[in-house]
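Note sheet for the following structure.
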Amino acid sequence: MNPKILILFFIIYLTPLSGVKGQVAKIQKGLILKSGTAARLGDVQVLNKRSHVALRSNTVGTFGIVALPGDTLQFSSANYLTGELVVTDFADKLIYLQPVIELAEVVIRENSLVKDLRETQMGYRKKSVFYTGTPHYYYLFLKPMTFIYENFKSEVKQARRFNRFAKQELTVYEITKRFNDSLIKKVVPVKANEIDDFRVDYAPTLQRLNTMSDYDLINYIRDSYEDYKKKSADKRTPHQL
């Protein structure tokens, strides 16, 4: 007799039957696919949570595991969300696993925007002209020359403009760490000629972004893209008078 058949009978023999009187163990077969595609997933762990029997799908994504009606099979693989199947009629099943979406962060190196901005700010501070953005009007009465220096000296005015620019750039940088092209493309099927307009029109404020979990941000991108597509379609549709 084929050794594989002997092993199969041995596993069935060892499978506990207490509490499942009258039920017959059979082979639950199926095919594991990447969600939304026809890509087959090999080397996925298939676990019978009742009997603790485990195996892996083959290179073409198929599996066959001993089970009883009502058993729960668990499917797990790196970079995919865990899936489950409750065994019922033993018909061949298609199992779809959802890829894990990893939120990409922008990696900033030593010669980054943030470092450059900080160094420029330090340069103004060393000259004692760094402007914080709030005019010291009390100097107008107590120290008139200091007020004039802080508000009209060319280097101070440059520092003031730079400070406003730095705040804007740092805000954009903080938003881009989470809301960026890499994540948008993973979440929605945005086209190359759409992504710039979509990112600019639907970028959340930093204050709102800081209140969002990763899950909230993913849903926000999906909802925003639906709104973007609807508005784009409305623009293309001629309005009848």
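The values are calculated or read from the model by the stated rules, or taken from the named source; none is laboratory data. Since the model is a prediction, treat every value here as computed from it, not as a measurement. Cβ placement follows ideal geometry from the backbone for every residue including glycine, while neighbour counts extend to all protein chains displayed.
Give the stretch 56-92 a look and list any residue that's of a type in the set (Ser, Thr, Tyr) and surrounded by fewer than 12 Cβ atoms within 10 Å (Cβ to Cβ), or say none.
Just the residues of the stretch 56-92 that are of a type in the set (Ser, Thr, Tyr), to begin with: 57, 59, 62, 72, 76-77, 80, 82, 88.
Hits for the stretch 56-92 are Thr59, Thr88.
Conditions (1) surrounded by fewer than 17 Cβ atoms within 10 Å (Cβ to Cβ); (2) modelled with pLDDT of 90 or more; (3) closer than 20 Å to Gly36 by Cβ; (4) of a type in the set (Lys, Arg), marked per residue:
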{"residue": "Gln158", "(1), (2), (3), (4)": "yes, no, no, no"}
{"residue": "Leu170", "(1), (2), (3), (4)": "yes, no, no, no"}
{"residue": "Asp201", "(1), (2), (3), (4)": "yes, yes, no, no"}
{"residue": "Tyr215", "(1), (2), (3), (4)": "yes, no, yes, no"}
{"residue": "Asn219", "(1), (2), (3), (4)": "yes, yes, yes, no"}
{"residue": "Tyr228", "(1), (2), (3), (4)": "no, yes, no, no"}
{"residue": "Lys231", "(1), (2), (3), (4)": "yes, no, no, yes"}
{"residue": "Pro238", "(1), (2), (3), (4)": "yes, no, no, no"}
Quiz item: Taking the stretch 27-54 as the region of interest, how many residues are crowded, with 16+ Cβ neighbours inside 10 Å and under 20 Å from Val66 (Cβ atoms)?
Solution: 11
